[in-house]
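*Asks:* Below is the structure I would like to discuss, written out as structure tokens.
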Amino acid sequence: MVVDAAEQGRGAGAATVATLATWLRAQPGCAAVRLSYHPDNPAAATLYPRLGFAPTGEWEDDEVVAELVTPPTP
């Protein structure tokens, strides 16, 4: 998912990720909710921990993998 630069900082990305993560966690058989982001993306590195994601120590290609560890709040 990408939020247009002109719209960033208005909460659309946070609300979308929080809503999707909550929905995914409620699905039968969902063991974990994970995402990845490039480490040079300071907006993502700030946003995802605020929404309850923590780095797993794993990498997907050149991106940090993070897993939802607490319920998301936008």
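Every read-out reported here was derived from the displayed coordinates using simple, explicitly stated rules and does not represent laboratory data. Computed from a predicted model, the values in this text were never measured in an experiment. In this analysis, Cβ positions are derived from the backbone assuming ideal geometry, glycine residues included, and neighbour counts consider all displayed protein chains.
*Asks:* Just to check your reading of the model, which residue among L20, L47, L35 is outside any helix (DSSP H, G or I) and either without any contact (Cβ under 8 Å) to a residue 60 or more places away in the chain or not acidic (D, E) (or both)?
*Replies:* L35
*Asks:* In the range 47-62, which residues are surrounded by 14 or more Cβ atoms within 10 Å (Cβ to Cβ) and either over 19 Å from Q8 (Cβ atoms) or touching a helix residue (DSSP H, G or I) at 6+ places or on another chain (Cβ under 7 Å) (or both)?
*Replies:* L47, L51, G52, P55, T56
*Asks:* Separate question: Here are some residues: A44, A15, A21. Which one is surrounded by 15 or more Cβ atoms within 10 Å (Cβ to Cβ) and in contact with a Pro (Cβ under 8 Å, 6 or more places away or on another chain)?
*Replies:* Just one listed residue meets the conditions, A21.
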